[in-house]
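Every read-out reported here was derived from the displayed coordinates using simple, explicitly stated rules and does not represent laboratory data. It should be emphasised that the depicted structure is a prediction, and the values quoted were computed from it without experimental measurement. Here Cβ is always computed from backbone atoms with ideal geometry, including for glycine, and neighbour counts include all displayed protein chains.
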Amino acid sequence: MDISQLRYDSRGLIPSIAQDIGSGEVLMLAYMNKESLKKSLDTGFAHYWSRSRGKLWMKGETSGNTQKICNISYDCDKDAILLKVIQKGNACHTDNKTCFFNFLYNKVDKDTSNASILYELYDVILDRKQNPVEESYTNYLLNEGLDKILKKVGEESTEVVIAAKNASAEELIYEASDLLYHLLVLLVNEDIAIDSIFRELKNRR
């Protein structure tokens with residue numbers, strides 16, 4: 001659809017929601033006009049219109065926390081758009097992953113846990129690599145290097161086998177979680193994005 005067919009407000013703006021394509025987290029709400037939307041489509045990176053400064057800006061132009069666009073959709077009324085992006089670093093200027101970190105209401109049932117925790121954990125490990133924390137076990141592994149990480153992956157794999165042979169669901173869940181964590185450390189150490197694994201699995205399906 002031609003971008004001129006979208007329904008902009010009286011100022012020529014349309015609300016634009018950015019969502020992490022991997023974790024599904026809603027990252028931020030900003031505004032676009034025809035110019036910033038066209039720029040986003042042309043470059044593949046999110047550009048917005050600053051209402052306070054009255055100018056076009058590229059997300060991450062100063063912080064480096066860019067948003068690579070995977071797809072853009074619009075709602076049924078054509079007056080709001082959704083960008084699914086690969087977020088580099090944190091989306092919020094407060095250095096939070098998402099701008100929506102304050103809660104008016106938050107009742108989380110344990111059954112709502114899903115695969116997004118893998119992205120969350122991957123991001124934590126990546127942050128440890130970029131911003132080391134004293135006495136962090138993750139930093140210990142990363143500092144020791146590949147051989148140490150591989151040894152832990154091997155040990156945890158064996159623990160998973162033992163847990164399965166013991167026919168203990170609780171033990172297997174615990175050991176499988178340890179293995180997944182150490183695999184994520186390995187991926188971060190080798191600069192492999194978790195999306196690469198998901199793409200490979202999807203290709204095999």
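Under the classification rounded if a/c is under 1.5, otherwise prolate if a/b is larger than b/c and oblate if not, where does the range 3-87 fall, given a ≥ b ≥ c as square roots of the Cα gyration tensor eigenvalues?
Since a/c reaches 1.5 but b/c is at least a/b, the shape of the range 3-87 is classed as oblate.
Sort out for me the Cα centre separation of the range 169-204 from the range 45-108, rounded to whole Å.
So the separation of the two Cα centres works out to 27 Å.
For the range 3-94, which GluC sites (Glu not before Pro) are both in a DSSP coil and crowded by at most 13 other Cβ atoms within 10 Å?
On the way: sites: GLU25, GLU35, GLU61; in loops: GLU25, GLU61.
Passing both the DSSP loop test and the Cβ count: GLU61.
Show me, for the range 121-126, the HN-Hα J-couplings you get by feeding each phi into the Karplus relation (A = 6.51, B = -1.76, C = 1.60, θ = phi - 60°), rounded to Hz, glycine and proline as x.
Along the range 121-126, the couplings run 5, 4, 5, 5, 5, 4 Hz.
Once the Cα atoms of helix 169-189 and of the chain are each reduced to a long axis, what angle between those two axes, in degrees from 0 to 90 to the nearest 10, is obtained?
With rounding to tens, the tilt is 60 degrees.
To test your reading of the geometry: what angle, between 0 and 90 degrees and rounded to tens, separates the Cα axis of helix 194-204 from the longest principal axis of the chain?
For helix 194-204, the angle is close to 80 degrees.
Starting with the fewest neighbours, write out MET58, MET28 ranked by other beta-carbon atoms found within 10 Å of each beta-carbon.
Values: MET58 16, MET28 21.
Ranked by crowding around the Cβ, least crowded first: MET58, MET28.
Around GLY22, under 15 Å between beta carbons, what's the net of Lys plus Arg minus Asp minus Glu among the other residues?
Here the charged neighbours net out to 0.
Do the sum for the chain: with -39,500 (n - 2.57) for every DSSP H run of n ≥ 4, divided by all residues, what is the mean residue ellipticity at 222 nm, to the nearest 500 deg cm²/dmol?
The per-residue figure over the chain is -13500 deg cm²/dmol.
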